[in-house]
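Here the structure is laid out as structure tokens; the discussion comes afterwards.
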Amino acid sequence: MTTDWKKTLTPEQYHILREKGTEAPFTGKYNDFFEDGIYRCAGCGQPLFQSKHKFKTHCGWPSFDEAIPGSIIYVEDNSLFMKRIEGVCSNCKGHLGHVFNDGPTKTHQRYCINSLALDFEKEK
């Protein structure tokens with residue numbers, strides 16, 4: 001069964017997750033959001049990040065230093081005359097954002113993720 005993404009996502013989420021868009025920096029609801037819980041894919045609900053791996057940056061998008069194992073596929077992205085690694089949900093193949101090796105934590109990873117690609121489930 002295929003999902004009709006235009007019916008299940010908002011137009012903004014569709015642009016990010018299905019058309020590889022990027023939300024404007026500092027506009028996402030999870031950019032300065034720090035509560036305990038799990039961040040899930042807004043498309044399919046798959047768990048992607050634990051809140052303990054989120055850290056404060058000044059890049060304008062939510063940033064994490066580690067993903068839940070197996071939740072993300074890494075794809076080389078040579079668009080916009082840059083060489084980057086795209087992070088894609090391993091379940092629904094939705095575009096989440098990009099992964100950089102410039103993080104300030106011990107993993108040196110910075111998963112730079114669009115808020116519109118995420119849902120949050122508060123820890124119970």
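How many residues are in a strand (DSSP E or B) and open to solvent by less than 40 Å² (accessible area, probe 1.4 Å) when one looks only at the stretch 89-124?
Going residue by residue through the stretch 89-124, those that are in a strand (DSSP E or B) are 89, 95-100, 110-113, 118-122.
From the residues that got through so far, the ones that are open to solvent by less than 40 Å² (accessible area, probe 1.4 Å) too are 89, 95-99, 110-113, 118.
Looking only at that region, the number is 11.
Kindly check whether there is at least one residue in the stretch 2-10 that is under 13 Å from I113 (Cβ atoms) and open to solvent by less than 20 Å² (accessible area, probe 1.4 Å). Within the stretch 2-10, not a single residue is under 13 Å from I113 (Cβ atoms) and open to solvent by less than 20 Å² (accessible area, probe 1.4 Å). Tell me whether the stretch 67-74 contains one or more residues that are within 18 Å of E123 (Cα to Cα) and either at pLDDT 95 or above or in contact with a Leu (Cβ under 7 Å, 6 or more places away or on another chain) (or both). Yes: the stretch 67-74 contains one or more residues that are within 18 Å of E123 (Cα to Cα) and either at pLDDT 95 or above or in contact with a Leu (Cβ under 7 Å, 6 or more places away or on another chain) (or both).
Quickly run through the stretch 33-53 and pick out the residues that are in contact with a Pro (Cβ under 9 Å, 6 or more places away or on another chain) and either free of Cβ contacts under 8 Å to residues at least 12 places away in the same chain or among the hydroxyl-bearing types (S, T, Y) (or both). Once the filter is applied, which keeps residues that are in contact with a Pro (Cβ under 9 Å, 6 or more places away or on another chain) and either free of Cβ contacts under 8 Å to residues at least 12 places away in the same chain or among the hydroxyl-bearing types (S, T, Y) (or both), the stretch 33-53 yields only Y39.
Within the stretch 81-117, the set of residues being of a type in the set (F, W, Y) and more than 8 Å from the chain's Cα centre (by Cα) comprises F81, F100. Scanning the stretch 47-85 for residues that are open to solvent by 50 Å² or more (accessible area, probe 1.4 Å), among the aliphatic types (A, V, I, L, M) and more than 12 Å from R110 (Cβ to Cβ) yields a total of 4.
Only residues that are at pLDDT below 95 and over 21 Å from A24 (Cα atoms) were counted across the stretch 78-101, and they come to 1. The single condition among (1) assigned to a loop (DSSP other than H, G, I, E, B); (2) closer than 28 Å to T8 by Cβ that T57 does not meet is (2).
The values are calculated or read from the model by the stated rules, or taken from the named source; none is laboratory data. From a predicted model like this one, the values you see are computed outputs, not experimental measurements. All Cβ positions, glycine included, derive from the backbone under ideal geometry; neighbour counts span all protein chains shown. Accessible surface is based on the protein model in full, side chains and every heavy atom, while ligands, DNA and RNA are left aside. Shrake-Rupley method; radii C 1.70, N 1.55, O 1.52, S 1.80 Å.
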